[in-house]
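Each remark here refers to the structure printed beneath this line.
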Amino acid sequence: MLEMGRIFINGEKITKPGTLIDPLKDVVEINGKKIIPETKKIYLAMNKPAGYVTTRAHFAGEKSVMSLLSIKNVYPAGRLDKDTEGLLIFTNDGEFANKITHPRFEHDKEYIVHIDLPLTREKESRIQNGIILDNKKTAPCVIKDIKKEPVSGFSLHIIIAEGRKRQIKRMFDYVGCSVIYLKRIRIGKIRLGNLKSGQVRSLTEEEINSI
Ligand code: URA
């Protein structure tokens, strides 16, 4: 292909075998098509603090989760509301991000929820069996470990396999309870563990493969 003049580097035809390039800087075209160099895949878990918005764009007056990262060539796979804390994944691997976020892959997402009022058995089973949000029934989910909290109402764990916008807050609103605290602690086999608020770690090989 070199001899046939089909390879261009930075717009210049290259015919010499053994020509070296810098894959991060040089633009290589073969048969008129740009070759995108394979970049190193990055997979990170953050314990998102409350008060940060999940966006790559910068909005005046808002703190973005991106400001907590030392690298910028990744993007959040999924989102948490500004006042929600906990596990947020960042990657530059589009396929991985899609597997985390697309409901088809059904990765469980576990949250700790504090609500203002007691969750009666009837309300609990309505949420667990599915309620109508945006004209569509939510998939069955699991609620466990309901406890009375000394100060902030009641706490519980909820495990859902979907990820609709503000889904958990809207599910509790639907049965007349307000969510006053929300933290994601698990996505599939990826656990928040003891990662401190605002800190970031790399995912393990096993966690990456589990997705
Ligand atoms: N459900 C919500 O209501 N908010 C979140 O941030 C995540 C899930």
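The values are calculated or read from the model by the stated rules, or taken from the named source; none is laboratory data. Since the model is a prediction, treat every value here as computed from it, not as a measurement. Cβ coordinates were reconstructed from backbone atoms using ideal geometry, including for glycine residues, and neighbour counts include every protein chain displayed. The accessibility values were calculated without ligands, DNA or RNA, using every heavy atom of the protein model including side chains. Shrake-Rupley method; radii C 1.70, N 1.55, O 1.52, S 1.80 Å.
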### Query
Once you charge only the Cβ atoms, +1 for Lys and Arg and -1 for Asp and Glu, what is the size of the charge dipole of the chain about its Cα centre, to the nearest 20 debye?
320
### Task
Of the options VAL53, VAL175, LEU88, report the single residue whose Cα projects farthest towards the positive end of the charge dipole of the chain (beta-carbon charges: Lys, Arg +1; Asp, Glu -1).
VAL175
### In the stretch 154-184, the trypsin sites (Lys or Arg not before Pro) that fall in loop regions by DSSP, at most 10 other Cβ within 10 Å
LYS165
### Query
Which of the trypsin sites (Lys or Arg not before Pro) found in the stretch 86-116 are in a DSSP loop and have at most 11 neighbouring Cβ atoms, other than their own, within 10 Å?
none
## Note on the structure
Taking placed amide H atoms and a strict 5 Å upper bound, the residues 5 or more places from HIS107 or on another chain that come that close are none
### Message
Full-extension gain between ILE146 and ARG121, please, as 0.36 nm times their residue separation minus the C-alpha to C-alpha distance.
### Response
7.9 nm
### Task
Show HIS114, HIS58 ordered by accessible area, largest first, where the area counts protein heavy atoms only and the probe is 1.4 Å.
HIS58, HIS114
### Query
Lysine pairs, Cα distance under 19 Å, 8 or more residues apart or cross-chain: how many in the stretch 108-187?
23
### Query
Going through the stretch 57-124, which chymotrypsin sites (Phe, Trp or Tyr not before Pro) have at most 15 other Cβ atoms within 10 Å and a DSSP loop state?
PHE59
